[in-house]
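What follows is a short report on a single structure.
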């Protein structure tokens, strides 16, 4: 796919796990704080506010799922657990699909998938 021959699959996999951890934390905690601040407002909530709160809650949930994906990828790499790694790989797909309008997250995801697959093949002989 987008594999660069000079970059090892292990390095690319570690980068993507870190990418998931950082962006998952930013989206998850960031939107949670925004949602909490919005809920603590004194003004009455209209119908539009309810929609915005729902969207913020969904984005926060997706962010936390991306964070969990990064944690699972990291644990799978560190403790040599292919099942945990595969769970993280599957979970990070959800955020990539839901963030299609942003372009950057799906591009990074789909460029990293070939490295993730190559890493699994090299380390665990799994395709």
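Of the listed requirements (1) more than 14 Å from residue 13 (Cβ to Cβ); (2) surrounded by fewer than 12 Cβ atoms within 10 Å (Cβ to Cβ); (3) touching a residue at least 40 places away in the same chain (Cβ under 8 Å), residue 80 misses just one: (1). Within the stretch 83-91, identify whether any single residue is surrounded by fewer than 17 Cβ atoms within 10 Å (Cβ to Cβ) and more than 16 Å from residue 21 (Cβ to Cβ), and answer yes or no. Taking every residue of the stretch 83-91 in turn, at least one turns out to be surrounded by fewer than 17 Cβ atoms within 10 Å (Cβ to Cβ) and more than 16 Å from residue 21 (Cβ to Cβ). Evaluate the following for residue 100: is it in contact with a helix residue (DSSP H, G or I) (Cβ under 8 Å, 6 or more places away or on another chain) and surrounded by 12 or more Cβ atoms within 10 Å (Cβ to Cβ)? When the stated conditions are applied, residue 100 does not pass them. Taking the stretch 16-127 and the helices (runs of 4 or more DSSP H) fully enclosed by it, the elements with 2 or more residues that are over 26 Å from residue 6 (Cα atoms) are at 47-78, 82-98.
Consider the stretch 59-77 and keep the residues that are over 14 Å from residue 18 (Cβ atoms) and over 10 Å from the mean Cα position of the chain (by Cα). The one that is surrounded by the fewest Cβ atoms within 10 Å (Cβ to Cβ) is 61.
Every read-out reported here was derived from the displayed coordinates using simple, explicitly stated rules and does not represent laboratory data. Here the structure is a predicted model, which means the values were calculated and not measured. Because the Cβ atoms are built from the backbone with ideal geometry, glycine has one as well, and the counts that use them run over all protein chains shown.
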